Amino acid sequence: MDLRSERTIKWIEDTFVELTLTEGFSRVTVSEIANKAQINRKTFYAHYLDKYDLAQKLAVQVLKRYKLLLDQRLIGTNIRLNSLIDSFLKKKENVRLLKALFTIHTEEFDFEEEFSKLLVSQLKKHAKVTDPLEIEILVNIAITTGKYYLNSEESFSVDRQTGIIRSIQKLI
């Protein structure tokens, strides 16, 4: 792909994220993306079928990166949980993209559902977790924790997570 095409795709993606965050996915149109990215609709359609295709392609990129890190974390390499989380939450660009994707819940596309499926498959594959309740709890904790840190100014802390787990143990 040439530099001009890469730049155009970047403009489209950045505009899509901005509009999704400010207006909500349901209100975003291809015309609006094209106008704000200063391209024509034909250029948009040269790269994407529609806004759902754009969202899906962005999600696939994010999920591939996360899967690689998760694989490393779960197969016993020394990648620390802080490093895994920080790799996604330290770059402003990643944070905005993740925030935008987590807001999309439609029949055609639901990032949180795709993220959940990835976590389930990785837990079953690498951590050998088979109890459906345990899987459900771990996935919900991962998603809730991730969304919390996406939307707060706080840095991720393993110590805090450990303290929360201890609080849960006391309640049980």
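Here the relative contact order of the range 62-172, from alpha carbon pairs under 8 Å that lie six or more residues apart, stands at 29 percent. Largest mean-square fluctuation among K99, K42, K57, in a Gaussian network model of the chain whose springs join Cα atoms under 10 Å apart, belongs to K42.
Please give the net charge around Y48, taking every other residue with its beta carbon less than 12 angstrom from that of Y48, where Lys and Arg add +1 and Asp and Glu add -1. Spelling it out: positives minus negatives among the neighbours equals +1. Within the listed set L74, L98, L150, the Gaussian network model of the chain (springs between alpha-carbon atoms below 10 Å) gives the highest mean-square fluctuation for L74. The equivalent ellipsoid that matches the C-alpha gyration tensor of the chain spans semi-axes of 33, 16, 16 angstrom, in descending order. For the range 47-100, lysine pairs with C-alpha atoms less than 16 angstrom apart, excluding pairs fewer than eight positions apart on the same chain, total 4. Within the range 100-172, the GluC sites (Glu not before Pro) that combine a DSSP coil assignment with at most 16 other C-beta atoms in a 10 angstrom radius are E107, E108, E153, E154. Loop-located trypsin sites (Lys or Arg not before Pro) in the range 115-160 (DSSP state not H, G, I, E or B) with no more than 11 neighbouring Cβ atoms inside 10 Å: K128.
For the chain, modelled as a Gaussian network with Cα springs under 10 Å, which listed residue fluctuates most, L123, L133, L89? Taking springs between Cα atoms under 10 Å, the residue moving most is L133. Between helix 51-74 and the chain there is an angle of about 30 degrees, using the helix long axis and the longest principal axis of the Cα atoms. Counted residue by residue at 0.36 nm each, then reduced by the alpha carbon distance between them, the extension gain from N140 to V120 reaches 6.2 nm.
The numbers here are math on the coordinates, done by the rules we state, and not lab data. Computed from a predicted model, the values in this text were never measured in an experiment. Positions of Cβ are generated from backbone atoms using ideal geometry, with glycine treated the same way; all protein chains shown enter the neighbour counts.
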